[in-house]
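Any read-out appearing in this document is the output of simple, stated calculations on the displayed coordinates, not a laboratory observation. All values derive from a computational prediction rather than experimental measurement. Every residue, glycine as well, gets a Cβ built from its backbone with ideal geometry; the counts of neighbours run over all protein chains shown.
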Amino acid sequence: MKSVAAIVPVKDGERYLQELLAALAREGVDEILVIDSGSRDRSLEIARAAGVDLLEIEPGEFGHGRTRNLGAERTRGELICFLTQDATPCPGWLEAYREAFALDQRVGAAYGPHLPRADTSPMIARELTEFFAGFESRPSDGDRENDAHENGASASAAHAPVLQRQGDPAFLSNVNACYARACWEEIRFRDVAYSEDQAFGTDLLAAGWLKVYQPRAAVLHAHDYGAIEFMRRYFDEYRGLRETTGHVEPFGTIAAARHVRAAVTGDRRWAAEQGLSGAELARVTARATIHHGGRRVFSALGSHAARIPRPVSSLLSLEGRSESTTPGQSTDSRSSAAAPAESPLQAPKRLPQLLPHDDYSVVTDVWRDGPTPLLEPVPGMAERERLRLAMVIPPFARGSGGHNTLFQIFSRLERRGHSCSVWLADYHNQMREVWPAVLRHDINEFFASFQGPVYRGFDQWQGADVVIATGWQTVHAALRLDQCRARAYVVNDHEPEFFATSTERVLAEDTYRHDLHCIAASPWLRDLLIDRYAASADAFQLGVEQEIYRPRPVQRRTDTVVYYARHSTARRAVPIGLLALTELHRKRPDLRIVLFGSPDVMYAAFPYESMGVLSPTQLSWLYSEATVGLCLSLTNFSLMPKEMLACGLPCVELAGVSAESIFGSDGPLELAPLDPRAIADTLAGLLDDPGRREQRSREGIEFVASHTWEHATDEVEAGLRHALRERELAASVS
Amino acid sequence: MSAADTSSEQRLQAENERLRARVAALETELVETQARTDAVVGEWQERAYWLDRWHLDLNALMRRPGASELREALRAVRAVMWRLKRLKRRLMDS
């Protein structure tokens with residue numbers, strides 16, 4: 001068991017000191033050190049009578065960070081507890097801290113709540129209670145389920161210790177905190193005038209340590225000053241926050257009035273719940289109004305203390321401190337010692353925490369802690385008729401081809417009786433304004449009919465037989481989900497190729513290296529995943545909506561080339577396509593060229609007709625009247641050439657990429673090398689040869705006839721069952 | 001192998017089969033429960049479309065100061081309207 005030292009800085013603290021020291025003795029603390037900085041009451045006498053170690057320092061030597069560092073140096077405990085002179089530990093306090101440090105070896109600090117004493121004013125009592133309740137854990141899914149059966153479950157979850165890591169609140173309070181000696185030795189308290197604990201919390205998380213909020217390590221504590229003293233204390237507190245974290249408290253008259261009104265309403269409600277009424281409630285209302293109003297004003301003043309004349313500042317400060325520093329002029333001795341005498345650097349701008357967490361924090365979770373372990377496989381699970389499937393999708397918009405593929409298949413899986421749910425992983429909060437019912441509605445409107453639920457994020461995660469990642473942005477989130485039997489990855493394209501050298505490219509490549517069973521949208525893509533990443537992979541063929549994409553009753557022209565010129569999608573090689581069409585136009589100036597797929601005007605060296613973005617039905621009519629289609633892809637084969645073929649339109653694609661894996665080198669598709677002149681020649685060859693066009697048209701319709709979404713769903717379902725079977729196999733081998 | 005060993009092995013096999021069948025039944029039950037839950041949540045989301053579209057959280061709205069009072073006032077107005085309608089009907093009938 002780790003030894004524990006408790007350090008209590010004291011100045012005129014006789015009121016609660018005896019009670020505090022008795023509580024520490026009762027809790028079994030191994031070593032107690034009282035540091036007195038010039039008490040003129042009975043504090044020294046109480047400390048001596050309690051038999052604790054006593055260190056006396058000059059009042060001028062005291063510093064919140066400096067003196068606590070001194071205390072830690074003078075003690076030996078592996079755990080170092082700091083308490084203020086008016087904080088009395090509640091029973092079970094030390095045991096709760098020991099439990100917090102046992103959670104993880106990287107726990108560097110833990111802190112507990114401050115409970116109001118019986119005589120604490122309603123404003124402070126409510127504030128303390130609500131403030132610390134904000135750190136408590138929400139009941140887990142399991143607890144939520146249990147709630148239906150057992151009312152106490154959520155209460156116990158709320159009192160469980162909460163691990164906090166970088167991105168979580170940096171809050172730490174030396175009123176009641178405990179530190180691992182190794183962590184304190186590495187970080188140490190900054191020598192700042194105020195908020196040394198907050199600075200330590202920030203530094204600790206940045207250094208990769210964890211901290212714990214332990215609701216059961218409680219102390220009785222309250223700063224119940226008079227109204228003016230409170231205001232002066234807030235002045236000190238917010239001056240300290242500005243100096244240590246750069247936080248500037250905003251102030252606006254209307255906002256302040258609203259805040260005060262809301263706070264006073266809260267206090268009145270609290271007081272009423274405590275049984276106050278009539279005159280007492282009126283007194284609370286008046287006091288709360290002064291308290292909260294004064295707080296808003298003095299906290300804003302504290303944030304701007306550096307601009308206030310020193311005599312005024314001294315008057316406003318409860319500590320009587322007149323000097324103030326801006327964030328760039330920290331009094332931290334560590335930073336000032338390291339800086340040159342006349343640094344050419346301008347004072348840095350310190351910013352508060354701007355995000356609750358980093359966009360890619362789930363990636364670091366995976367890299368640090370690995371994927372969440374899968375459930376033990378159940379024999380025969382791969383063959384079960386109905387499966388629980390959860391599909392994790394990236395943000396989407398109308399017209400997203402990848403999402404259309406996913407929902408064409410997923411809606412069919414749902415119709416086959418599988419239990420299907422959809423989960424949106426939104427790293428960059430692109431769809432934060434779109435609430436779940438709207439997401440679900442849009443999926444139905446943009447892609448395919450889906451009856452199941454759609455969730456934003458994973459707060460309501462319920463587990464699944466197979467969790468299906470569907471894009472590089474979803475894989476790391478899927479890897480962290482628990483209660484799963486297997487994970488699969490529907491890969492629509494080799495996404496690292498969508499990015500230049502970048503974080504996104506690195507993360508996209510990383511997604512293939514976590515043993516997810518891949519179900520790739522072409523044999524070419526499957527082989528690439530196996531060869532380059534040694535991934536386990538199956539393939540499926542994209543389906544075509546045959547009821548839409550079919551030859552329409554319209555005369556086919558002999559002079560029209562249609563080109564999918566979606567310039568915003570880089571892999572479509574639009575500049576190459578435009579060069580090819582320029583070449584073709586030079587040879588055949590009378591040729592009608594139609595561009596579609598983009599709402600933007602394309603700057604081309606030939607005249608053309610622009611159709612913008614078309615609906616599937618409109619596309620089928622365009623394909624039915626055109627002579628030849630052109631559609632290029634530098635990565636995986638897309639649906640568009642298949643849809644052209646389904647409408648009887650001969651189509652030209654790039655050779656040597658992915659098309660051969662589906663159509664073969666002499667299939668219904670005309671293939672041309674990545675060269676504008678070669679592409680132009682291939683197009684010209686088709687335009688010149690009606691017999692060849694007729695043959696390609698016939699072959700294309702025949703070939704695509706078997707490429708249905710039902711067939712694609714069969715292949716994906718087989719891939720999902722393969723993922724489950726691999727789990728069974730791995731379990732039987734191990 | 002003795003008859004006792006054979007009998008013991010058969011018992012174990014039978015128990016194994018029974019447990020497998022039980023697991024399969026429980027798994028089926030789980031899928032069915034999940035499917036029902038999904039259907040309920042899906043249907044609820046269908047109904048909540050306009051609330052979500054307009055970013056209306058009725059629970060949060062009704063927690064706001066004055067919301068309950070407004071609701072009570074509307075109920076009172078509604079009660080008066082109903083009484084007036086009843087009175088009008090009675091007068092028309094008589």
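Overview of results
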| item | result |
| --- | --- |
| Share antiparallel - DSSP beta bridges, chain A, percent rounded to 5 | 20 |
| 222 nm mean residue ellipticity, helices alone, for chain B (DSSP H n ≥ 4; -39,500 (n - 2.57); rounded to 500) | -30500 deg cm²/dmol |
| ³J(HN,Hα), Karplus 6.51/-1.76/1.60, whole Hz, each residue of region A:634-650, x for Gly, Pro | 8, 10, 6, 4, 10, 5, 4, x, 5, 5, 4, 4, 4, 8, x, 9, x |
| FRET efficiency, A:Glu185 to A:Glu385 (Cβ-Cβ, R0 60 Å, nearest 0.05) | 0.50 |
| Percent of C-alpha pairs per 10 Å bin, the protein assembly as shown, short to long | 2, 10, 16, 17, 15, 14, 12, 8, 4, 1, 0, 0 |
| Amide H within-cut-off set for A:Cys484, under 5 Å, with H built and near neighbours excluded | A:Leu375, A:Ala464 |
| Selection from A:Leu579, A:Val628, A:Val652 lying farthest towards where the dipole of region A:574-673 points positive, charges on Cβ | A:Leu579 |
| Positive-end extreme of charge dipole, chain B - chosen from B:Ala24, B:Ser8, B:Gln45 (charges on Cβ) | B:Gln45 |
| log10 of Debye I(q)/I(0), alpha-carbon scatterers only, for chain B at 0.10, 0.24 Å⁻¹ | -0.67, -1.12 |
| Calculated FRET value between A:Ser706 and B:Leu26, using beta carbons and R₀ = 30 Å, to 0.05 | 0.15 |
| In Hz, Karplus ³J(HN,Hα) per residue of region A:432-445 (6.51, -1.76, 1.60; θ = phi - 60°; x = Gly, Pro) | 5, 8, 9, 7, x, 5, 6, 4, 5, 4, 5, 4, 5, 7 |
| Nearest-20 debye value, the protein assembly as shown charge dipole, Cβ charges on Lys, Arg, Asp, Glu | 3220 |
| Inter-label distance, nm, simple model (7 Å from Cα along the C-beta direction), A:Val601/A:Asp358 | 4.4 |
| Sequence-separation-based contact order of chain A, relative, with Cα cut under 8 Å and 6+ spacing, percent | 9 |
| Acute angle (nearest 10 degrees) that the helix A:253-273 long axis makes with the longest principal axis of chain A, alpha-carbon atoms | 70 |
| Long-range amide H partners of A:Cys651 with built H, under 5 Å | A:Gly629, A:Glu670 |
| Helix-only CD estimate at 222 nm, as mean residue ellipticity for chain A, using -39500 (n - 2.57) per DSSP H run (n ≥ 4) | -13500 deg cm²/dmol |
| Gyration tensor (alpha-carbon) shape descriptor, region A:563-675, a/c threshold 1.5 | rounded |
| Using a Förster distance of 56 Å, the FRET efficiency for A:Met611-B:Glu15 (Cβ separation, nearest 0.05) | 0.20 |
| Placed amide H near A:Ile393: partners under 5 Å, 5+ positions off or other chain | A:Trp423, A:Leu424, A:Ala425 |
| Percent of alpha-carbon pairs separated by more than 15 Å within region A:583-636 | 57 |
| Dipole of the protein assembly as shown, positive end: most advanced residue of A:Asn69, A:His514, A:Ala177 [Cβ charges, Cα centre] | A:Ala177 |
| Between 0 and 90°, nearest 10: helix A:690-705 axis offset from chain A longest Cα axis | 50 |
| Chymotrypsin sites (Phe, Trp or Tyr not before Pro) within region B:1-92: DSSP coil, no more than 15 neighbouring Cβ in 10 Å | B:Trp54 |
| Nearest 10 degrees, 0 to 90: helix B:67-93 Cα axis against chain B principal axis | 60 |
| Rounded Å value of the spacing that divides the Cα centres of region A:534-594 and region A:276-300 | 71 |
| Rounded, prolate or oblate (a/c below 1.5 giving rounded, otherwise prolate when a/b exceeds b/c) for region A:412-466 by Cα gyration tensor | oblate |
